[in-house]
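All remarks here apply to the structure that follows.
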Amino acid sequence: VASMDEINAENSKYIAHIFECVPKIAAAEGLVNGYRLISNCGADACQSVKHLHFHIMGGLAMSGLMA
């Protein structure tokens, strides 16, 4: 799965498993006050690694701005 654009009925069970694990990883990293989950998709989003992966961002209060 190169990006979110390739998620489909045949592989979505793997993506569901990832989303089940995210809260466990965040908790294990001590992100008790919240976190942000990011996945870049495509060239305009600066996707430089050509497989689906997620960034868990946390540990400090974030701005509501995404730009």
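The values are calculated or read from the model by the stated rules, or taken from the named source; none is laboratory data. Quantities reported herein were computed from a predicted structural model and do not represent experimental measurements. The accessibility values were calculated without ligands, DNA or RNA, using every heavy atom of the protein model including side chains. Shrake-Rupley method; radii C 1.70, N 1.55, O 1.52, S 1.80 Å.
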Fill in the blank from the handout: Computed D for the chain, Stokes-Einstein, Kirkwood radius over alpha-carbon pairs, 37 °C, 0.692 mPa s, to the nearest µm² per second, is 246
Fill in the blank from the handout: Taking protein heavy atoms only, a 1.4 Å probe, and rounding to whole percent, the accessible area of the chain owed to carbon and sulfur comes out at 58
Handout entry: Surface accessible to a 1.4 Å probe, per residue, for the residues of the chain, Å²
Key = 76
Fill in the blank from the handout: To the nearest 10 degrees, the tilt of helix 12-28 (Cα long axis) against the first principal axis of the alpha carbons of the chain is 20
Problem - Protein-only accessible surface order, largest first, of PHE54, PHE19 at 1.4 Å - result: PHE19, PHE54
Completion exercise
Computed, not fitted: 222 nm per-residue ellipticity of the chain from DSSP H runs ≥ 4 (each -39500 (n - 2.57)), nearest 500, equal to -8500 deg cm²/dmol
Fill in the blank from the handout: In whole Hz, the Karplus estimates of ³J(HN,Hα) for the stretch 47-56 (6.51, -1.76, 1.60; θ = phi - 60°; x where Gly or Pro) are 6, 9, 9, 8, 9, 5, 7, 10, 10, 9
